[in-house]
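Student: What follows is a single structure, and I will ask about it in a moment.
The values are calculated or read from the model by the stated rules, or taken from the named source; none is laboratory data. Please read all numbers here as calculations on a predicted model, not as lab measurements. Reconstructed Cβ throughout: ideal geometry from the backbone, glycine too, with neighbour counts over all protein chains shown. Each accessible area value is taken on the protein alone, full model and side chains, heavy atoms only, with ligands, DNA and RNA left out. Shrake-Rupley method; radii C 1.70, N 1.55, O 1.52, S 1.80 Å.
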Amino acid sequence: MTKGLWHRIKQVALTDVGVLVKGLDRHTLEEFERIMIEADFGPVAFELAEGMEDQLRRGALRTPDAVRMWLKQQAVILVLGVNGVGKTTQIAKIAHRLQRQGNQVLLAAADTYRAGASEQLKIWADRLNADCIVGVRGGDPAAVAYDAVDAASARRADIVLIDTAGRLHTHGDLMKELQKIARVVNRRRDGAPQETLLVLDGTVGQNALQQGRAFSTAVPVSGLVITKLDGTAKGGAVLLIRRR
């Protein structure tokens with residue numbers, strides 16, 4: 001959401017939030033819809049307006065700050081890592097934890113290259129009773145991420161978890177692909193991705209440092225997930241990775 005758009009929404013909706021809370025002024029809501037449509041939000045504009053009206057009617061939004069936070073609440077989490085580190089399983093674990101905290105989660109299968117990757121994530125989504133956006137095999141991963149953010153708005157999901165391809169970190173096309181995904185979701189949701197988690201195999205030792213360097217150079221990483229620490233893995237490399 002651009003500053004120009006936000007300024008217009010603020011003038012139309014937020015300064016009149018008292019009117020909305022008390023009377024749900026239809027003209028104001030229709031003006032809100034018009035602004036969103038003009039900003040190319042498409043059908044999502046109507047669903048956002050309906051969602052805001054529902055929240056106001058229930059008394060969940062009582063102040064301008066509450067309306068502002070509701071409009072910006074949807075988070076996008078991008079999950080990175082090479083093949084075999086356990087990205088998809090970690091996404092399922094994170095989704096389960098977020099659901100227990102009361103969030104509605106949507107999963108996105110942006111690994112369109114590895115055979116069975118989308119099916120694996122879909123199985124987890126079914127077990128979690130969560131929506132899952134899946135693209136065509138060999139299709140554009142950024143397109144899947146784009147559709148997922150739009151779907152999350154339409155379905156009023158709080159958080160989008162995007163599973164990405166995991167070819168070797170030395171694969172230049174993979175890094176360009178990840179950068180494109182980050183750009184696309186940022187265009188669809190201001191500030192997205194709010195979190196970028198790099199999943200590393202705790203058994204690979206110092207090689208994890210090279211992976212961490214490669215991925216964080218391509219996309220700013222906000223957190224690390226270390227897997228397979230239940231055996232002989234030391235996992236101490238995480239301290240060096242964080243320092244670097």
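Student: Can you name every residue in segment 90-134 that is in contact with a helix residue (DSSP H, G or I) (Cβ under 6 Å, 6 or more places away or on another chain), assigned to a helix (DSSP H, G or I), within 19 Å of A151 (Cα to Cα) and open to solvent by 50 Å² or more (accessible area, probe 1.4 Å)?
Tutor: W124
Student: Let me ask something else. From the list R189, R243, R183, exactly one residue is among the basic types (K, R), modelled with pLDDT of 75 or more and closer than 23 Å to Q99 by Cβ. Which is it?
Tutor: Unique residue meeting the criteria: R189.
Student: When you go through (1) touching a Gly at 6+ places or on another chain (Cβ under 7 Å); (2) open to solvent by less than 70 Å² (accessible area, probe 1.4 Å) one by one for D158, which number turns out not to apply?
Tutor: (1)
Student: Could you please find all residues in segment 130-163 being under 16 Å from I91 (Cα atoms) and among the acidic types (D, E)?
Tutor: Residues satisfying the conditions are D131, D158, D163.
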